[in-house]
1. Given labels modelled 7 Å from the Cα in the Cβ direction, how far is it in nm from HIS175 to ALA140?
2. Taking the alpha-carbon centroid of each part, what is the distance from segment 81-123 to segment 36-65 in angstrom?
3. Using the Cα centre of the chain as origin and beta-carbon charges of +1 (Lys, Arg) and -1 (Asp, Glu), tell me which of GLY169, ILE96, LEU49 is placed farthest towards the positive end of the dipole.
4. For helix 42-55, what angle does its Cα long axis make with the longest principal axis of the chain, in degrees from 0 to 90 and rounded to 10?
5. Starting from the amide H of ILE167, placed 1.01 Å from N in the peptide plane, find each other amide H under 5 Å away whose residue is 5 or more places distant or on another chain.
6. Which of the peptides 96-107, 113-124 is most tightly packed, and how do the rest follow, going by the mean number of other Cβ atoms within 10 Å of each residue?
7. Amide H of VAL95: which non-local residues (sequence gap of 5 or more, or other chain) have their own amide H closer than 5 Å, using H built in the peptide plane?
8. Rounded to the nearest 500 deg cm²/dmol, what is the calculated helix-only ellipticity per residue at 222 nm for the chain, with -39500 (n - 2.57) per DSSP H run of length n ≥ 4?
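Here, each number is a calculation from the coordinates, and none is a lab measurement. Keep in mind the model is a prediction, meaning the values are calculated, not measured. Ideal geometry is used to build each Cβ from the backbone, glycine not excepted, and the neighbour counts take in all protein chains shown.
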Amino acid sequence: MATFAWDFQPKLDRRAVEDLFTLAFIQHQEDLLITGKCGTGKSHILKALVITACAQEWTVRYSRCVDLIDNLYAGLADGSYERRMKSWCRPTFLVIDDVGLGQLKRRDDEPTAAHMLFTLLDRRHAHLTTAITSNIKLSAWGRYLGDATLAAAVLDRLAATSIRIDIDGPSYRQHQAHERAKKHGLELPGEDAS
Ligand SMILES: Nc1ncnc2c1ncn2[C@@H]1O[C@H](COP(=O)(O)OP(=O)(O)OP(=O)(O)O)[C@@H](O)[C@H]1O
Ligand SMILES: [Mg+2]
């Protein structure tokens, strides 16, 4: 987090984020849900937590949501679904990054992503820590994951045990793009040259 520009996100609760790095939430089997628009630093914070947790020798696994779901779908094809599900259930600290980004598979004759995520979260709930980031509104999870009821059940479990951090602020990527454009005298996409 040494490179994190706190001044860039004045609405972010710095103390709450810095407290996470004690990793007490892992010891207490709490979950973590970080929400905010694109480029606001959600993955940056989670990756820094992953590095800290690895350094303290916790069992950690990091995945983007689409890759986790793709991995489980592959298990449906070759009969290894339950084995794969068990392996996702095992780490003390599981990070599911970028819920809301990327296309999830959807077939009528197969369980939805919501079903898979529900099974995973339900098995881990209250005894192992799961951290999730999302750049879509929680009310949009049902549509994204393919089942409103199961998505609500996932969120219900998270609400019971999770620390919530919302990053309500600008995109650092946009900021970097503006800085680069200024430096090189370039126009940004969508900007009018006239
Ligand atoms: N406050 C900040 N200070 C320094 N670097 C930052 C800050 N916020 C974000 N970044 C950097 O900006 C880039 C985008 O941040 P990040 O990937 O964490 O965004 P995100 O919130 O996960 O976005 P998305 O929803 O698109 O996944 C990364 O390179 C990250 O290191
Ligand atoms: Mg991200």
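1. Each label point is offset 7 Å from its Cα along the Cβ direction, giving 2.2 nm.
2. 17
3. Checked the options; the winner is LEU49.
4. Helix 42-55 and the main axis of the chain meet at about 60 degrees.
5. The list, which skips near neighbours in sequence, is THR35, GLY36.
6. Numbers: 96-107: 16.8, 113-124: 21.1.
Going by the mean number of other Cβ atoms within 10 Å, highest first, we get 113-124, 96-107.
7. Amide H neighbours of VAL95, under 5 Å, 5+ apart: ARG61, TYR62, SER63, ALA131.
8. It comes out at -14000 deg cm²/dmol, rounded to the nearest 500.
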